[in-house]
Ligand SMILES: Nc1ncnc2c1ncn2[C@@H]1O[C@H](COP(=O)(O)OP(=O)(O)OP(=O)(O)O)[C@@H](O)[C@H]1O
């Protein structure tokens, strides 16, 4: 007789019925009594119980106590056989019944004779087969596929399930009539948690089955009695089996159990389908290989790297394990070579080629085989690829960010602190440049925490600078100075302190100290910072440090409306061109534009500002400078009679600033918009705008914009005959800044000139401040 072959497990015929059934607990004993009472009848029985609780053992027990104990016991797992083969399996088929049926086949219904047919996982029986099985039970006859003759079914059906069959009936997944036909008797099997008293005897029973005898100390037994057993008796048995292979000696103590209990795999908590789905969701293309790697890794972990023991756990020869490990070592070597090659190409500035090599390395890691053991290589691949992307596409590149973020996730737990800090710095820069200030502050905070945890001074310095810089754009100028101070970065003198990123940190610190001091009205401090920046003489081998110093200097010179602005910006432009510092070239051109505007050379000013901001800064850095640009360009537009364009620009910049909580130059932007409105003839709008600017500047503690807004407002009030209000507004703003400002600063000079021109203004101011500034 030709029997068609398939990959499904063959049913076991005549499984060892002599296997002892262990269980003295009251609940289990009651069940056994019931088993013995039901067994001699030939009625159908449904065994319900959680997975691994011993349903098959009970089915054997039923068979053993039945009148037909000498007859076959056949078990068929309904979940393990593909639907299209199940019917032939059960009913058998005649020759030629379907394509490929070269011979006839005797089905299990016939094979079982007068014995017990155990249908395990009956809940998985395909819906199409359910009425056919029902008919067998009702008529006690069946017809093999392709046959015209009915045969008598003489056996007994015992079914089992861990599912709630009534729920399956409600959901339409199981036929109600079959359910009632099967559950003539229902035996409910308790889970191991409900019969913990059986645990010691079960441990003894399974220990005795080991090739090497095992003994459990009493604390080990009580630990096992207390453990959770979602996989029930099968889980307990696997644990003892594993101990039998892996324990160093025969005595098992509670301490040794910890590791084994923690490492328990619970495939029984899920069903085979779910388990397979989880495996199919593994990373990489080749899922079979991924699943195999997972098994190998686990076996090695359980056997603590012992290949012979791992091979035993896996049920393969040691050579198989060795071959797989050898292949992995080769792959890892290749990974290291790619990483080294990537590093060399980065050093040589060939970022595109480096990215290609590094990506190759990443694709090697796509499967799960190397992911665990090559974590460090994985981290460096992602980090270096991030460097390539930011070098090629700018700090804000999405690819760079995603590499950095993945690197951080992979790098958790690795001892690569300097590299992790450098990634965080990269992420922070990108967030700052794209005006994601809240996120930038979060990253700076993370850097501070890491720096504090490791106590690394350089990392802490970087972190304080990052935080101070973020705070500057958030408009919290007093906190900028406090943060730089907390980081021990102030009063660094003329020396150079390089940050871990290779930047001249002291030049940057002086810049933000100066800018914040300026906004707070501490003009003399800001001026000192400007002078210290100018003292940082160019050094041939450190052009980038000089570019940083010049950046701070031109920016401050612009704020101070100094005559040196043009010369400094020119110097910065030349330096940046010479060394290819595109972003710094943009800054230089932009400030050149500001200087040209001051001199009234409007067309050239406009060209320089546009080229600097749009041509370079936006392209190579980000939109961080948008408010400085909008403020200065709006002034230029007003000077050339394009007030409406100026208003639009200022309004757009205000929207952006508000959306990103960027407040560094918010007062200046509000003033610029008010000036545009006034130029457009909207006097009321302009007055309102200036009042808002005044309030905003006051709230931010920003002195220059406060005085400027008050001066412009006073000018409007005086022009409309409200001289008293004008004088009060001006005197208030000046008084608030009094004692901190340099008398020579142009903003103050304009304010004082106006106040002096108002009736009683000079006397009023001098009387209130007790000063005599000699208007
Ligand atoms: N009372 C018991 N005495 C001895 N061994 C038992 C007992 N109960 C279960 N076992 C053992 O536990 C393992 C699981 O038992 P069994 O296969 O009968 O569980 P099951 O409930 O049918 O599982 P599943 O739901 O996965 O089909 C088997 O190795 C079995 O020998």
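Every residue, every condition in (1) surrounded by fewer than 24 Cβ atoms within 10 Å (Cβ to Cβ); (2) without any contact (Cβ under 8 Å) to a residue 60 or more places away in the chain; (3) in contact with a strand residue (DSSP E or B) (Cβ under 8 Å, 6 or more places away or on another chain), yes or no:
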position	(1), (2), (3)
520	yes, no, no
525	yes, yes, no
530	no, yes, no
535	yes, yes, no
543	yes, yes, no
580	yes, yes, no
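Filter segment 719-736 for residues that are more than 25 Å from residue 631 (Cβ to Cβ) and either under 55 Å from the mean Cα position of the chain (by Cα) or part of a helix (DSSP H, G or I) (or both) and give the result. The answer is 723, 724, 725, 727, 728, 731, 735.
So for segment 232-242 (the condition being in a helix (DSSP H, G or I), away from the ligand (no atom under 13 Å from the Cβ) and surrounded by 14 or more Cβ atoms within 10 Å (Cβ to Cβ)), does at least one residue qualify? There is at least one residue in segment 232-242 that is in a helix (DSSP H, G or I), away from the ligand (no atom under 13 Å from the Cβ) and surrounded by 14 or more Cβ atoms within 10 Å (Cβ to Cβ). Within segment 36-60, being buried (at least 21 other Cβ atoms within 10 Å of the Cβ) and farther than 12 Å from residue 161 by Cα holds for 39, 58, 60.
When 143, 135, 105 are checked against the criterion of being more than 51 Å from the chain's Cα centre (by Cα) and either under 23 Å from residue 55 (Cβ atoms) or free of Cβ contacts under 8 Å to residues at least 24 places away in the same chain (or both), a single residue qualifies: 135. For segment 160-173, the condition of being touching a helix residue (DSSP H, G or I) at 6+ places or on another chain (Cβ under 7 Å), over 23 Å from residue 78 (Cβ atoms) and assigned to a helix (DSSP H, G or I) holds for none of the residues.
Among the residues examined, residue 483 does not qualify as buried (at least 23 other Cβ atoms within 10 Å of the Cβ), closer than 29 Å to residue 337 by Cβ and either at pLDDT 90 or above or touching a helix residue (DSSP H, G or I) at 6+ places or on another chain (Cβ under 6 Å) (or both). On the basis of being touching a helix residue (DSSP H, G or I) at 6+ places or on another chain (Cβ under 6 Å) and assigned to a helix (DSSP H, G or I), does residue 196 make the cut? Here the answer is yes, as residue 196 does meet what is asked. Counting just the residues of segment 25-35 that are touching a helix residue (DSSP H, G or I) at 6+ places or on another chain (Cβ under 6 Å) and more than 11 Å from residue 188 (Cβ to Cβ), which one comes out surrounded by the fewest Cβ atoms within 10 Å (Cβ to Cβ)? So, considering only residues that are touching a helix residue (DSSP H, G or I) at 6+ places or on another chain (Cβ under 6 Å) and more than 11 Å from residue 188 (Cβ to Cβ), the one surrounded by the fewest Cβ atoms within 10 Å (Cβ to Cβ) is 25.
Yes/no matrix, rows are residues, columns are (1) buried (at least 17 other Cβ atoms within 10 Å of the Cβ); (2) touching a strand residue (DSSP E or B) at 6+ places or on another chain (Cβ under 9 Å); (3) without any contact (Cβ under 8 Å) to a residue 60 or more places away in the chain:
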{"residue": "431", "(1), (2), (3)": "yes, no, yes"}
{"residue": "438", "(1), (2), (3)": "no, no, no"}
{"residue": "442", "(1), (2), (3)": "no, no, yes"}
{"residue": "449", "(1), (2), (3)": "no, no, yes"}
{"residue": "452", "(1), (2), (3)": "no, no, yes"}
{"residue": "457", "(1), (2), (3)": "no, no, yes"}
{"residue": "464", "(1), (2), (3)": "yes, no, yes"}
{"residue": "468", "(1), (2), (3)": "yes, no, yes"}
{"residue": "471", "(1), (2), (3)": "yes, no, yes"}
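Scanning segment 679-707 for residues that are under 19 Å from residue 634 (Cα atoms) and not in a helix (DSSP H, G or I) gives 680, 681, 682. Working only within segment 650-674, note down all residues that are surrounded by 24 or more Cβ atoms within 10 Å (Cβ to Cβ), without any contact (Cβ under 8 Å) to a residue 60 or more places away in the chain and within 24 Å of residue 736 (Cβ to Cβ). Result: 665, 667, 668, 669, 670, 671, 672, 673, 674.
Residues in segment 203-224 that are surrounded by fewer than 18 Cβ atoms within 10 Å (Cβ to Cβ) and within 16 Å of the ligand (Cβ to nearest atom): 204, 208, 209, 210. When segment 131-177 is filtered for residues that are in contact with a strand residue (DSSP E or B) (Cβ under 8 Å, 6 or more places away or on another chain), farther than 26 Å from residue 41 by Cα and within 16 Å of the ligand (Cβ to nearest atom), nothing remains. For the residues 80, 128, the requirement of being touching a helix residue (DSSP H, G or I) at 6+ places or on another chain (Cβ under 9 Å) and within 16 Å of the ligand (Cβ to nearest atom) singles out 80. With a requirement of 2 or more residues that are within 18 Å of the chain's Cα centre (by Cα), modelled with pLDDT of 80 or more and over 30 Å from residue 662 (Cβ atoms), the helices (runs of 4 or more DSSP H) lying completely within segment 365-463 that satisfy it span 375-393.
The values are calculated or read from the model by the stated rules, or taken from the named source; none is laboratory data. Nothing here was measured: the structure is a model prediction, and the numbers come from that model. Methodologically, a virtual Cβ is constructed for each residue, glycine included, from the backbone with ideal geometry; neighbour enumeration extends over all protein chains shown.
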